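The numbers here are math on the coordinates, done by the rules we state, and not lab data. As the structure is a prediction and not an experimental result, all values here were calculated from the model. Glycine gets a Cβ as well: all are built from the backbone with ideal geometry, and neighbour counts include every protein chain shown.
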Amino acid sequence: MEKGTNTRFVVSTRNGEPKALYEFYARRGEAENWIKDFKLHVKADRLSCHRFVANQFRLLLHAAAYWLMDALRRKLIERGSRRMQLDTLRLDLIKIGGRVRELMTKVRLHLASGHPGQSLWHALSGAFGGAHE
């Protein structure tokens, strides 16, 4: 690899070239991470209504929340931030206190000066073409 040797071990009953086997299991692991993000971090496993339509709508809202959080995560990665799990992103970016001021032409978000997710907000502001003060 570019940074040196990175030895990996895979125990499997499948036959094939070592690199192809590793890539197969790596892709499988990535899909399991997506499922974990969806179920644990967006709470998409909570379908406790008695009616099918209500559960279907709830699942649709969870999917929209996942899409939005993943889009924010991808924008942050484009701006040079490290890749985060969705729960880390939610805690650092969304689950915070602040003051929202609606002006005639814009919305201002006032956060505490010592807020730990401040750099993420600045990166997103630049990613979407906004100015931050």
Taking the stretch 7-40 and keeping only residues that are in contact (Cβ under 8 Å) with a residue 12 or more places away in the chain and either farther than 30 Å from residue 86 by Cβ or not in a helix (DSSP H, G or I) (or both), one is left with 8, 10, 12
State whether the residues of the stretch 41-57 include one that is closer than 19 Å to residue 127 by Cβ, among the β-branched types (Val, Ile, Thr) and either more than 11 Å from the chain's Cα centre (by Cα) or outside any helix (DSSP H, G or I) (or both).
no
Which condition from (1) more than 30 Å from residue 6 (Cα to Cα); (2) exposed (fewer than 13 other Cβ atoms within 10 Å of the Cβ); (3) of a type in the set (Asp, Glu) is the one that residue 92 breaks?
(2)
For the stretch 80-123, how many residues are touching a residue at least 24 places away in the same chain (Cβ under 8 Å), farther than 19 Å from residue 37 by Cβ and touching a His at 6+ places or on another chain (Cβ under 9 Å)?
1
Looking at the stretch 12-32, can you tell me whether even one residue there is closer than 23 Å to residue 93 by Cα, out of contact with any Phe, Trp or Tyr (no Cβ under 9 Å at 6 or more places or on another chain) and of a type in the set (S, T, N, Q)?
no
